[in-house]
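Encoded as structure tokens, the structure appears first; notes follow it.
The values are calculated or read from the model by the stated rules, or taken from the named source; none is laboratory data. Just so you know, these numbers come straight off a predicted model, no measurement behind them. Cβ placement follows ideal geometry from the backbone for every residue including glycine, while neighbour counts extend to all protein chains displayed. Note: accessible area is taken over every heavy atom of the protein model, side chains too, but ligands, DNA and RNA are not part of it. Shrake-Rupley method; radii C 1.70, N 1.55, O 1.52, S 1.80 Å.
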Amino acid sequence: MNRKVLSKLCKFSSTTTRSSQDKDKIQSRIAIGTNRLSTPQPHGTFPSVIATAIQNNINTFETTLDKEEEMRRGMTDAIMFLDDSDGSSPGEKFHFREKSLKVIGKISYRTCTNIECGDADGNDDKSSSQRLQGDVLQEQNHARGDKSNINNHAAQTTTTIYHNLSPWFIRETISKSPLVEMYQNLAPVDLIYCAHNPEAQGTEMIMKDAPLEDVREHVKETLIRAFITFEQLVGEQKIGSYGVCSNGLGLSSSHPMHLSWEDVLAASAEAARRVHGDVLGGGVADGEGAGNEHVNHFSTMQLPVNLLEIHGLKVANRVKDYLASPHAKDIAGMPLPNQVQIHSTRPLTCYPDRGTGTGYPFKLVDYLIPTAEDGSGKGWSHDFRGIPAFYTTVLNETMAHFDATPLLEIKEEEGRELTMEERETLDGCKLLQSMIHDLDANLSSGHLRSFAAYEEDLYTKVIPMMHGTFEELDANSAAVLQRFFQAHGTAVRYSIAKTTRQLLKQGGDGVQRYDIPDDMTMQEFAIRFLLEQQCDGEYAKEPSIDRIIVGCPKAEHVIEAVQAANKGETL
């Protein structure tokens with residue numbers, strides 16, 4: 001990594017100072033999720049985000065399987081840059097404590113096609129997608145090949161998503177993981193691997209209407225086997241500890257995909273007993289590690305917690321109070337972890353189906369949107385008192401462009417019937433005006449809540465309808481529509497933010513009422529709300545959430561998250 005490039009990208013790090021011990025504590029509870037750090041990105045963006053976070057006292061970073069190599073390179077570059085530069089104060093060297101930076105990876109899902117997948121034995125049969133040992137089917141999507149090539153006789157391609165937590169798959173994943181090399185070679189880095197959505201192991205049983213108690217027992221047994229493997233990998237110095245990242249932990253016990261925190265802790269205790277020996281003595285350990293110190297290396301629970309999905313707060317409080325209880329040192333003679341960190345995933349993203357289906361997410365955020373069509377100025381959506389004025393101008397000009405009145409005047413003035421081409425143009429203009437009118441009306445309907453859903457509707461319904469109406473648009477008309485959709489996208493973001501804010505402030509229909517200040521962004525309110533939640537049980541007297549995982553594609557987003565956590569006033 002070019003130091004000048006990284007130095008330039010890290011220019012935001014000086015905007016926040018460590019002025020007090022309390023601020024340090026608050027900042028350290030922000031964690032960085034790197035899933036949104038995807039290509040294309042400016043060269044050096046990944047390490048700049050990590051370096052900026054470290055400089056602002058953030059020490060926890062989450063990644064996914066497809067981003068592991070980027071995380072290894074980014075973390076290595078960031079540490080080298082900071083280790084060779086000044087710290088937060090002029091002339092102060094940046095010092096790293098051993099294993100002070102936590103990197104969290106995930107294991108579970110794999111995707112393959114009928115063209116590329118072999119089987120668990122390494123056979124190269126590409127005629128169909130093969131199941132590996134421990135695979136549980138989650139989803140299949142079918143798509144044809146290149147439709148434009150008339151000589152393409154290939155059958156449809158099947159993309160299959162499996163969930164796998166088998167010991168074989170875990171070891172296979174770890175053996176190829178660049179994060180393990182990073183963990184072993186970089187002293188400041190600690191590595192935690194999480195079993196991702198272990199409740200998905202029961203999907204096929206649920207689809208077959210198996211009794212829920214059988215499904216949950218199967219999931220628990222799968223967890224025990226997975227945790228045994230993780231415990232062994234800790235002993236082999238491949239990872240530092242392990243945990244779970246689960247949507248199911250945030251679901252009520254009546255939901256089919258619910259994952260019990262009690263089962264998770266019990267599975268970790270049983271795995272520790274089998275690997276390290278019965279804590280009461282006389283037990284026989286399974287696998288490596290027998291006779292070692294009786295330690296449970298389960299360290300992390302990640303679950304959704306946000307303003308609209310608050311069940312996870314109850315789970316966090318129960319876990320912490322249980323572990324703080326003097327009666328919970330072990331389960332039936334099996335060791336419990338000394339401490340479990342609770343991480344909030346999706347703090348700014350809510351799913352109507354709680355992340356268990358295909359529903360579109362909606363964001364608990366205000367948007368930074370243009371104040372002028374040319375983008376020369378920008379403002380936060382909560383500071384606007386209505387849709388940006390330039391949108392109305394663009395709307396009127398678009399409607400005027402597709403006004404077919406001149407064609408009707410020709411029919412009256414010339415006393416003739418319209419040609420087929422003129423009739424098609426007239427019908428097309430009427431249809432486009434109707435479509436644009438409907439899109440405009442949606443802005444004030446209160447029904448727009450998800451920008452992802454809006455985009456899906458745009459690309460699968462609106463645009464195909466346009467192509468079906470006009471074989472080909474002239475360049476001027478195409479430019480007019482492009483201009484409208486850009487302006488409409490800005491208006492949609494404003495409308496979504498306004499509707500979401502109203503929903504949170506009014507409450508009702510299962511939604512808690514929140515008193516969000518008019519001059520505060522929703523993302524700032526959401527982060528500060530989670531940071532201020534405290535355990536309310538008998539034994540635990542500490543914050544409910546240890547880390548809030550925030551997606552930060554750019555270094556300046558890290559600063560925004562830190563500043564949101566760093567505001568001094570109480571909600």
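A compact table of results
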item: Length released on extending from S100 to S376, taking residue separation times 0.36 nm less the Cα-Cα span; result: 95.1 nm
item: Ranked packing of 308-317, 500-509, 342-351, most packed first, by mean Cβ within 10 Å; result: 342-351, 308-317, 500-509
item: Alpha-carbon centroid distance for the pair the range 186-255 / the range 440-459, whole angstrom; result: 36
item: Portion, in percent, of the accessible area of the range 476-571 that falls on carbon or sulfur, probe 1.4 Å; result: 41
item: Only Lys, Arg (+1) and Asp, Glu (-1) charged, at Cβ; the range 456-571 dipole about Cα centre in debye; result: 140
item: Exceeding the 23 Å Cα-Cα cut-off - candidates K378/K554; K220/K363; K67/K220; K363/K498; result: K220/K363; K67/K220
item: Mean accessible surface per residue for the range 509-571, computed with a 1.4 Å probe while every protein chain stays in place, in Å²; result: 47
item: Relative packing of 540-546, 253-259, which averages over residues the other C-beta atoms within 10 Å, highest first; result: 540-546, 253-259
